[in-house]
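Contents: one structure, followed by commentary.
The values are calculated or read from the model by the stated rules, or taken from the named source; none is laboratory data. This one's a predicted model, so the numbers in the text were calculated from it and none came from an experiment. Because the Cβ atoms are built from the backbone with ideal geometry, glycine has one as well, and the counts that use them run over all protein chains shown. Surface accessibility is based on the protein's heavy atoms, side chains included, excluding ligands, DNA and RNA. Shrake-Rupley method; radii C 1.70, N 1.55, O 1.52, S 1.80 Å.
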Amino acid sequence: MKIRLILHGKAARDPRVREAVGAVRADGHVVEVRVTWEAGDAGRFARDAVADAHRGAIDCIVAGGGDGTVNEVFASALGAEPPDSCTFGILPLGTANDFAHSTNIPVDDLTAALRLVVQAPASRIDVGSLNGRVFVNLVSGGFGSRVTVETDPDLKRRLGGLAYVVTGVTRFRELSASQGRFRAEGFEWEGSFLALAIGNGRQAGGGIVLCPEARLDDGLLDLAILPELAGDARLDAFTQLLLQGAAAVESLQVKTRSSWIEFDSHEALHINLDGEPVKTRHFRVECRPASLRVHLGRTPLNGTA
């Protein structure tokens, strides 16, 4: 296999990456590496790789980095219209690696993760699009998104997912509900809410499962809304959501599944799109079915677990 690895610059000196590349090359495969230096490099390298794939020079494009790098590489490659013969892979090198964790890509063994690209068949997966911006995993919104963006990176490295709880609790006085109206296929809801999630994948924020029934191959996106709660119930529900995921507040949630979702509000909403912070008052999310062929581990997200 002819592989193009697009590697986040911060990981270039990681000896585990060199070991993984060396091992796969020793297995008889070609691995070319492009290392990012500044903003926009990952997208540019992805578009270049697609052009090479059209010429038959590349079989697989691998994103080496965290969830943000995966999003940038996959989205840019998709925009460049890769040939059907071109597949995609992930070398998980981020802090959270939510998409890799949820799809059973070996996060703690980079050699195994890169070998998965040449050993596992590629699965066709859906992607989401928010106002034209592609996401692979999940969109979250509301106070929770502010917490994930504003949590100190050093605290995340030391405490993992608990760091979000610590940040959320310390900023409880800032906890205010958002207002908005949601529409989807056969669904409409309007009111005050603390958090929302739109999942192609299932988890975000370092392992917080927000859309536990989402699938990557069903042509649909899962919407979960946590409505406004009174008094101390707000902090309790939010803490349980961060610690245990959506299952802990399932009875409080409003949920649906649709190929498209629209949101409108008179005030700007903080949202997080595969790790990228965005503020908007209006959005339309659409599912783009079977858009990419990706090498994944055995996972319930595509029915292979």
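Worth pointing out:
- Protein accessible area in the chain, 1.4 Å probe - carbon and sulfur %: 47
- Amide hydrogen neighbours beyond the local backbone of Glu228, cut-off 5 Å, H modeled: Ser192, Phe193, Leu194
- For Leu5, the residues 5 or more places off, or on other chains, whose built amide H falls under 5 Å of its own are Glu32, Val33, Arg34, Val62.
- In a simple Cβ point-charge model (Lys, Arg +1; Asp, Glu -1; nothing else charged), the chain has a dipole of about 540 debye relative to its Cα centre.
- Between the residues Ile61, Ala75, Asn272, the greatest Cα displacement towards the positive end of the dipole of the chain, with unit charges on the Cβ of Lys, Arg, Asp and Glu, is found for Ile61.
- Residues listed by number, segment 81-106, amide nitrogen under 18 Å from Thr304 label point at 7 Å toward C-beta: 84-92, 98-106
- Spin-label model, Ala122/Ser251: points 7 Å from Cα along the beta carbon direction are separated by 4.6 nm.
- Isotropic mean projected area of the C-alpha convex hull, segment 37-141 (nm²): 7.2
- From phi via Karplus (6.51, -1.76, 1.60), per-residue ³J(HN,Hα) for segment 297-305 in Hz, x at Gly/Pro: x, 6, 8, x, 5, 10, x, 9, 6
- Considering only the chain, percent of DSSP beta bridges that pair antiparallel, nearest 5: 75
- Taken over the chain, lysine pairs spaced eight or more positions apart, or on distinct chains, with alpha carbons under 26 Å apart number 4.
- FRET efficiency, 1/(1 + (r/R0)^6) with R0 25 Å, evaluated for Ala290 and Lys2 via beta carbons: 0.60
- Derived from the Cα gyration tensor, the three semi-axes of the equivalent ellipsoid of segment 197-284 are 20, 18, 13 Å, largest first.
- Calculated P(r) of the chain - Cα pairs past 24 Å, %: 50
- Here the average projected area of the convex hull drawn through the C-alpha atoms of segment 6-56 stands at 3.8 nm².
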